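Take a look at the structure set out below.
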Amino acid sequence: MAKLTSDKAIDLLGGTRKVMRLFKHVNRSTVANWRSRGFPSQAYVVLGPRLKRRKGFDPYELFNMLEPADGGQHGVGTGNEG
């Protein structure tokens with residue numbers, strides 16, 4: 001998969017203004033900081049699913065997260081754990 005940076009991710013999602021509007025208390029300078037410093041882990045809840053829909057990009061890599069072995073297909077605590 002292609003290496004995804006926060007800068008590229010923001011552009012992929014429509015730019016600073018569109019990303020800013022996805023969050024309740026985020027302004028333009030915050031998104032500008034994300035471009036250079038990366039996203040905070042809390043942003044994954046909003047941005048992760050949107051980025052995952054983009055073919056060829058791995059949001060787990062962007063947020064420095066480990067990808068679940070099942071690809072995130074199963075919920076936690078379903079009662080079917082081994």
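With a 10 Å radius around each residue's Cβ, average the other Cβ atoms per peptide and rank 33-42, 6-15, highest first. Walk me through the intermediate numbers first.
On the way: 33-42: 13.9, 6-15: 15.7.
For the peptides 33-42, 6-15, the packing ranking is 6-15, 33-42.
Couplings 3J(HN,Hα) for the stretch 4-13, derived from phi with the Karplus relation 6.51 cos²θ - 1.76 cosθ + 1.60 (θ = phi - 60°), are 9, 9, 4, 4, 5, 4, 4, 5, 4, 8 Hz, where x marks Gly and Pro. Placing a label point 7 Å from the Cα of residue 21 along the Cα-to-Cβ line, the residues of the stretch 37-51 whose backbone N sits under 19 Å from it are 46-51. For the stretch 6-62, a crude dipole built from +1 on the beta carbon of Lys and Arg and -1 on the beta carbon of Asp and Glu, taken about the Cα centre, is about 280 debye to the nearest 20.
Only Cα sites of the stretch 6-62 enter the Debye sum here, all with the same form factor; the resulting log10 I(q)/I(0) across q = 0.15, 0.30 1/Å is -0.36, -1.56, listed in q order. Got a sec? Charge dipole of the stretch 6-62, +1 on Cβ for Lys and Arg, -1 for Asp and Glu; which of 14, 59, 41 is way out at the positive end? Result: 14, furthest along the dipole toward the positive end.
Read-outs: derived from the displayed coordinates by stated rules, not from any lab. Just so you know, these numbers come straight off a predicted model, no measurement behind them. Reconstructed Cβ throughout: ideal geometry from the backbone, glycine too, with neighbour counts over all protein chains shown.
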